[in-house]
Amino acid sequence: MNNHPAVGVEMRGLRRSFGQVKALDDLDLDIRPGELVALLGPSGCGKTTALRVLSGLEELDAGTVSVGARDITHTPPNKRNMAMVFQSYSLFPHLTVTGNLDFALSMRKVPRGKRQAIIDEHLELVGLIAQRDRYPHEMSGGQQQRVALARALASKPDVLLLDEPLSALDAKVRVQLRDEIRRIQQELGTTTLFVTHDQGEALAMADRVGVMQAGRLEQLSTPRELYERPATEFVARFIGDTNELPGVVSAGGVLVMDQWVPALPGSIREGRGTALVRPERVTVTACEDHVDGGAGKMATVRQLSFQGDHAVVHLAMAESAQELTAFVTARETAELAVGTDVLVGLDPLPVLVA
Ligand code: ATP
């Protein structure tokens, strides 16, 4: 349906300050043709500013922005061929669904005779063809956001910009729309930048996730890579949960809980440090199941919280009273209760040591 080839985005050395605040501090960011990149980071790290710079709504102090081979650093927003979907659906309340799309196409100078086919095609895509004559107030939040998405895509943008598009929706609709946006984006192959503060959303939807901190990009990787191989301490702590365990690093590995585990690049090189270990990497075995000679340290279950598909187990190590959190499958919890003595170990997968 998207009959022009996807283009990539290149942002280089972006700087933008507001008074003393460096909203963007030498940010580099690439989006490959047809890719969905999500920007994630704590409040105020510069995500929205980066998106606004790409759209042309925010000016730069320094840096360049290119789309395809075209340098658009000084191109006005309406000449960039981009479309944006905001948190607030921003539909015209006095226009029907069709009217909203028609108006957007007329603004893009699409000839009147061609508009209806494009409108129908895109309403079909978001599953709202039957609601074409409704007004925004006659639709749910999720439906209104689909209209906003159809309107954005109907103009066949080179780049789709999504600025927290799911934040105003309730949990169930959020997940549905999240999956739907991803499906449609992949179907059309539209190059997309998505700004969110929701980790789950970013990891579920994006080809690559960029984690920002203080106006800079800490890491830009696939969701799995980001989670399993964080490049920096900030990323390891920001994404998911971590246990912080004392260890000693040497020769590319770390000795932690009497076990040798490989250390990720980005770890300290030598000496005492803190291994950042994901809770699902902690293995928990009930003492009576323990086979002699297996690895493990004694610990006691302090708290057990059942979550349906898994359980969160808080443990205290017998020797050191070090606290530890483990995620175990619901089945494994059958033998566990508060006060149970267990053996804990670590999966021998690489960890970051800070
Ligand atoms: P959030 O998740 O809270 O939306 P963000 O990561 O999107 O945050 P930005 O909105 O890009 O962050 O803001 C980055 C920094 O720049 C913040 O400290 C913010 O207060 C500041 N800032 C952004 N826009 C302006 C502006 N127009 N005037 C003054 N300061 C601004």
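Ranked by Cβ crowding within 10 angstrom, fewest neighbours first, how are Lys114, Lys109, Lys156 ordered?
Numbers: Lys114 10, Lys109 6, Lys156 18.
Final ranking by Cβ density, sparse to dense: Lys109, Lys114, Lys156.
Taking DSSP loops as anything outside H, G, I, E and B, show the longest stretch in the chain free of GluC sites (Glu not before Pro) there with at most 11 other beta carbons within 10 Å.
Values: sites that count: Glu59, Glu270, Glu319.
In short, 60-269.
Using Cα pairs under 8 angstrom and six or more residues apart, how large is the relative contact order of the chain, in percent? If you can, show how the numbers build up before the last one.
On the way: 732 pairs, mean separation 59.2, N = 354.
The value is 17 percent.
Over region 77-122, what per residue volume does the convex hull of the Cα atoms give, in whole Å³? Each step should come with its number before you reach the end.
On the way: hull volume 4.2 nm³, N = 46.
Normalising the Cα hull of region 77-122 by residue number yields 91 Å³.
Using the number of other C-beta atoms within 10 angstrom as an exposure proxy, rank Thr329, Thr285 with the fewest first.
Exposure proxy ranking, most exposed first: Thr329, Thr285.
Computed FRET efficiency, Cβ-Cβ of Glu244 and His94, R0 56 Å: what is it to the nearest 0.05? Mind dumping the intermediate values first?
Working: r = 56 Å, r/R0 = 0.99.
E between Glu244 and His94, to the nearest 0.05, is 0.50.
Work out Dmax and Rg for the chain from the C-alpha atoms and quote the Rg first, both in angstrom.
Considering the chain through its Cα atoms, Rg and Dmax are 24.6, 79 Å.
Take Thr64, Thr98 and order them by how many other Cβ atoms sit within 10 Å, fewest up front. Can you show the working numbers first?
Numbers: Thr64 14, Thr98 19.
With the sparsest Cβ surroundings first, the list reads Thr64, Thr98.
If eta is 1.567 mPa s and T is 4 °C, what Stokes-Einstein diffusion coefficient results for region 241-353, Kirkwood Rh from Cα pairs, in µm²/s? Walk me through the numbers before you get to the answer.
Values: Rh = 14.3 Å.
It comes out at roughly 90 µm²/s.
Would you please give the FRET efficiency between Val173 and Arg132, computed as 1/(1 + (r/R0)^6) with r the Cβ-Cβ distance and R0 = 22 Å, to the nearest 0.05? Write out the running numbers ahead of the final one.
Details: r = 20 Å, r/R0 = 0.93.
In this case the efficiency is close to 0.60.
Please report the net charge: other residues with Cβ closer than 13 Å to the Cβ of Leu264, K and R +1, D and E -1. The partial results should precede the final answer.
Numbers: positive: Arg229, Arg269, Arg278, Arg281; negative: Glu225, Glu228, Glu233.
With Lys, Arg at +1 and Asp, Glu at -1, the neighbours total +1.
Along the positive direction of the dipole of the chain (beta-carbon charges: Lys, Arg +1; Asp, Glu -1; about the Cα centre), which of Ala316, Leu162, Leu39 reaches farthest?
Looking along the dipole axis, the top candidate is Leu162.
Once phi is turned into θ = phi - 60°, what whole-Hz ³J(HN,Hα) does the Karplus curve with 6.51, -1.76 and 1.60 give for every residue of region 246-259, x standing for Gly and Pro?
x, x, 10, 9, 7, 6, x, x, 10, 8, 9, 6, 6, 10
Go ahead and run the numbers for FRET between Val312 and Ala62, Cβ-Cβ distance against an R0 of 51 Å, rounding to 0.05.
The formula returns an efficiency of 0.65 here.
Could you give the size of the charge dipole of region 150-282 about its Cα centre, using +1 on the Cβ of each K and R and -1 on the Cβ of each D and E, expressed in debye and rounded to the nearest 20?
Details: 16 positive and 19 negative charges, 30 e Å.
Charge dipole of region 150-282: 140 debye, to the nearest 20.
Find which of Val256, Val338, Phe306 sits farthest along the positive direction of the dipole of region 241-353, computed with +1 on the beta-carbon of Lys and Arg, -1 on that of Asp and Glu, about the Cα centre.
Value: Val256.
Would you compute the Debye intensity of region 93-248 from its alpha-carbon atoms alone, equal scatterers and no solvent, and pass along log10 I(q)/I(0) at q = 0.12, 0.13, 0.14, 0.17 Å⁻¹ to two decimals?
With one equal scatterer per Cα and no solvent, log10 I(q)/I(0) is -0.61, -0.68, -0.76, -1.00.
Once you list every other residue whose beta carbon is under 12 Å from the beta carbon of Ser55, what net charge do they have if Lys and Arg are +1 and Asp and Glu are -1? Present the calculation step by step, with values, prior to reporting the outcome.
Numbers: positive: Arg52, Lys79, Arg80; negative: Glu58, Glu59, Asp158, Asp163.
Local net charge: -1.
Taking the Cα-to-Cβ direction at His4 and at Glu323 and moving 7 Å from each Cα, how far apart do the two end points lie in nm?
For the pair His4/Glu323, the computed spacing is 5.6 nm.
Kindly work out what percent of the DSSP beta bridges joining two residues of the chain are antiparallel, to the nearest 5.
Percent antiparallel among DSSP bridges in the chain is about 75.
I want the local charge near His314. Using Cβ-Cβ distances under 12 Å, sum +1 for each Lys or Arg and -1 for each Asp or Glu among the other residues. Mind showing how you got there, number by number?
Values: positive: Arg302; negative: Asp241, Glu323.
Cβ neighbours under 12 Å give a net charge of -1.
Which ³J(HN,Hα) values, rounded to whole Hz and listed in residue order, are derived for region 31-39 from phi using the Karplus coefficients 6.51, -1.76 and 1.60 in 6.51 cos²θ - 1.76 cosθ + 1.60 with θ = phi - 60°, glycine and proline given as x?
Those phi angles translate into 10, 6, x, x, 8, 10, 10, 9, 9 Hz.
Find the relative contact order for region 241-353 and round it to a whole percent, using C-alpha pairs within less than 8 Å whose residues are 6+ positions apart. Can you show the working numbers first?
Numbers: 253 pairs, mean separation 37.7, N = 113.
RCO, region 241-353: 33 percent.
Report the charge-dipole magnitude of the chain in Debye, nearest 20, computed about the Cα centre from +1 at each Lys and Arg Cβ and -1 at each Asp and Glu Cβ. It would help to have the intermediate numbers written out before the result.
Details: 37 positive and 45 negative charges, 369 e Å.
It works out to roughly 1780 debye.
Bear in mind these aren't lab numbers, they're just calculated from the coordinates by the rules spelled out. None of the values given here were measured: they were computed from a predicted structure. Every residue, glycine as well, gets a Cβ built from its backbone with ideal geometry; the counts of neighbours run over all protein chains shown.
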